[in-house]
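Below is one structure, written out as structure tokens; the observations come after it.
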Amino acid sequence: MALSRGDDYPIHQTPDPVAYAGTDRNFYDRYFFNGYAPDGSGFFAAAFGVYPHLDVADAHFCVVRNGVQHCLHASRHLGMERMALECGPIRIEIIQPLQQLRVIVDGEGIAADITFTGRAFPIEEPRFTWRVGPRTVMDYTRLTQNGHYDGWIEVDGAREALPSGSMGTRDRSWGVRPIGAADPQFAGRSVPQFFWQWTPINMGARSIFFHLNAHADGTPWNTRAVIVPDGAGAQGLAEHHAPHMASALEEGTRWPAASVLAIGAETFRIAPLSRFQMRGLGYTSPRWGHGLDHGTLEVEREDIVLADIDPARPDNLHVQMLCRVTGPEGENGMGVFEQLAIGDYAPLGLTGLAGR
């Protein structure tokens with residue numbers, strides 16, 4: 001029996017029940033959130049993924065306090081039910097599609113009840129399609145939206161309300177990415193190369209979005225910048241297809257340092273304040289990688305002391321840096337600079353898998 005709750009909604013894309021998502025075992029459907037206070041404190045993030053053909057769902061929630069990234073991981077068997085947006089102690093509620101969502105957490109000493117409200121209609125990023133030889137490694141679509149948060153987060157009994165004006169970004173993506181156990185026939189054919197930058201920024205009255213995927217020589221294979229005024233609808237976006245990021249690296253790492261983003265005639269100076277390790281949300285994590293099968297249900301807490309991180313370890317390469325941003329005429333904002341640099345990247349002088 002393949003019928004599920006989704007089959008009672010008019011959302012089918014093919015003659016198949018909703019439980020089936022084409023034929024690629026790497027199909028996924030994912031939620032992502034991050035947030036922070038206006039003064040750059042209290043960073044948090046969440047993720048929830050569904051992997052229909054692996055019959056797995058997983059979820060993660062992290063909050064950074066006093067230099068420690070407290071992480072809650074959960075994974076369960078999906079049971080072919082894609083409409084159940086909960087995984088152990090973490091669940092998501094869609095209050096108003098494309099505008100307001102709620103994240104609720106309660107497990108292993110970490111609890112939260114936070115609501116995201118969008119500043120404008122989400123943007124749809126250009127479709128990401130990346131092939132290595134004959135293999136389609138990525139083929140997905142993503143929507144991204146900046147917004148404000150309210151609610152609270154608790155760690156080991158210490159509950160803190162989100163400061164007024166807390167802000168951040170959320171996205172939804174779906175399609176094909178490497179998930180679950182690695183493909184042994186494809187792995188090891190060559191030293192991998194992948195370069196990614198993403199900077200969703202909350203300015204005073206507008207949102208700035210930039211992303212770059214590039215080949216080893218720096219040639220982009222997917223890039224764009226978008227400026228979105230508060231309250232804009234689907235047609236209120238200003239797209240720029242030739243943005244430029246003059247970026248640098250923190251000494252001895254592959255993590256981004258102070259950088260300058262040029263979008264058209266405008267320049268935005270990006271100054272990192274703190275760091276978030278994306279493995280806390282399962283990205284590149286050997287144990288909690290997306291789609292790995294942990295059985296009927298498994299929940300685990302992980303506490304990462306950020307000062308003790310080895311920057312050359314492969315699962316520590318992927319980061320989000322919380323940044324203060326200065327735009328034209330003294331315009332101020334906050335945002336993140338996400339970067340993942342694996343393998344060679346000539347513009348930054350990177351060679352090898354993870355070294356400098």
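The values are calculated or read from the model by the stated rules, or taken from the named source; none is laboratory data. Remember, predicted model here, so these are calculated numbers, not experimental data. Neighbour counts are summed over all protein chains in view; Cβ atoms, including those assigned to glycine, are modelled from backbone coordinates with ideal geometry. Just so you know, the surface numbers come from the protein's heavy atoms only, side chains and all, with ligands and any DNA or RNA stripped out. Shrake-Rupley method; radii C 1.70, N 1.55, O 1.52, S 1.80 Å.
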Quiz item: If amide H atoms are built 1.01 Å from N in the plane of the peptide, which residues on other chains or at least 5 residues away come under 5 Å of the amide H of Leu249?
Solution: Ala257
Practice problem: Report in % the part of the accessible area of the range 32-179 that belongs to carbon and sulfur, leaving out ligands and nucleic acids; probe 1.4 Å. | Solution: 50 percent
Quiz item: So what's the net charge close to Leu143: Lys and Arg +1, Asp and Glu -1, counting the other residues with Cβ under 13 Å from its Cβ?
Solution: +1
Exercise. Give, in whole angstrom and from largest to smallest, the semi-axes √(5λ) of the equivalent ellipsoid of the range 306-346, with λ running over the eigenvalues of the Cα gyration tensor.
Key: 27, 14, 7
Practice problem: Show the residues, 5+ positions off or on another chain, whose built amide H is closer than 5 Å to the amide H of Ala214. | Solution: Phe195, Trp221
Quiz item: Which distance in nm do the two modelled labels at Thr351 and Thr267 give, with both placed 7 Å along the Cα-to-Cβ direction?
Solution: 3.2 nm
Exercise. Sorted from largest down, give the three principal axis spans of the alpha carbons of the range 5-66, whole angstrom values.
Key: 50, 23, 17
Quiz item: Using θ = phi - 60° and the Karplus form 6.51 cos²θ - 1.76 cosθ + 1.60, what ³J(HN,Hα) does each residue of the range 33-47 get, whole Hz, x for Gly and Pro?
Solution: 9, 9, x, 6, 7, x, 8, x, 9, x, 5, 9, 7, 8, 8
Self-check item: Phi to ³J(HN,Hα) by Karplus 6.51 cos²θ - 1.76 cosθ + 1.60 over the range 345-356, Hz, x for Gly, Pro
Solution: 8, 4, x, 10, x, 8, 9, x, 5, 9, x, 9
Quiz item: What is the gain in length, in nm to one decimal, between Arg25 and Ile11 on full extension, counting 0.36 nm per residue of separation less the C-alpha to C-alpha distance?
Solution: 3.0 nm
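Work out, step by step, the length gained on full extension between Gln99 and Asp139: first 0.36 nm times the residue separation, then minus their alpha carbon distance; give nm to one decimal.
Details: separation 40, 0.36 × 40 = 14.40 nm, distance 2.53 nm.
Result: 11.9 nm gained on full extension.
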Self-check item: Rg/Rh for the range 243-348, where both radii come from Cα atoms and Rh is the Kirkwood radius
Solution: 1.05
Quiz prompt | Cut-off 18 Å (backbone N to label point 7 Å along Cα→Cβ of Asp39), residues of the range 315-349 | solution = 322-325, 333-335
Exercise. Please say if the chain is rounded, prolate or oblate, where rounded means a/c under 1.5 for a ≥ b ≥ c the square roots of the C-alpha gyration tensor eigenvalues, and otherwise the choice is prolate for a/b larger than b/c and oblate otherwise?
Key: rounded
Exercise. Quote to one decimal, in nm, the extra length available between Gln185 and Asp156 on full extension: 0.36 nm per residue of separation minus the C-alpha distance between them.
Key: 6.0 nm
Quiz item: So which residue, out of Pro314, Pro192, Pro243, gets the largest mean-square fluctuation from a GNM of the chain using Cα contacts under 10 Å as springs?
Solution: Pro192
Quiz item: Could you give the accessible area per residue of the range 267-346, probe 1.4 Å, as a whole number in Å²?
Solution: 40 Å²
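Listed highest first by mean packing, meaning other Cβ atoms within 10 Å per residue, what order do 230-237, 17-24, 6-13 come in?
On the way: 230-237: 12.5, 17-24: 15.2, 6-13: 10.1.
Answer by packing, highest mean first, reads 17-24, 230-237, 6-13.
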Quiz prompt | Å² per residue, accessible surface of the range 1-103 at 1.4 Å | solution = 43 Å²
Quiz prompt | Projected label distance in nm at Ala234 and Val260, using a 7 Å step from Cα toward the beta-carbon | solution = 3.9 nm
Quiz item: Mind checking the alpha-carbon convex hull of the range 186-263 and giving the volume per residue in Å³?
Solution: 137 Å³
Self-check item: Sites matching chymotrypsin sites (Phe, Trp or Tyr not before Pro) across the range 102-186 that sit in DSSP coil, with at most 16 neighbouring C-beta atoms within 10 Å
Solution: Phe186
Quiz item: If you plug each phi of the range 206-223 into the Karplus form 6.51 cos²θ - 1.76 cosθ + 1.60 with θ = phi - 60°, what whole-Hz ³J(HN,Hα) values come out, in order, with x for Gly and Pro?
Solution: 7, 10, 10, 10, 9, 8, 8, 10, 9, 6, 4, 8, x, 5, x, 10, 6, 7
Quiz item: With the other protein chains left in place, how much accessible area per residue, in square angstrom, belongs to the range 196-246 at a 1.4 angstrom probe?
Solution: 38 Å²
Exercise. Note down the relative contact order for the chain as a percent, whole number, built from C-alpha pairs under 8 angstrom at least six residues apart.
Key: 17 percent
Quiz item: Taking the range 268-354, which GluC sites (Glu not before Pro) meet the DSSP loop condition and have no more than 15 other C-beta atoms within 10 Å?
Solution: Glu331
Self-check item: Environment charge at Ala312 (Cβ cut-off 10 Å; Lys +1, Arg +1, Asp -1, Glu -1)
Solution: +2
Quiz item: Given a 1.4 Å probe and every protein chain left where it sits, what share in percent of the accessible area of the range 249-317 is carbon and sulfur?
Solution: 52 percent
Exercise. On a C-alpha basis, how far is the centre of the range 230-254 from the centre of the range 284-352 in Å? Whole number, if you could?
Key: 17 Å
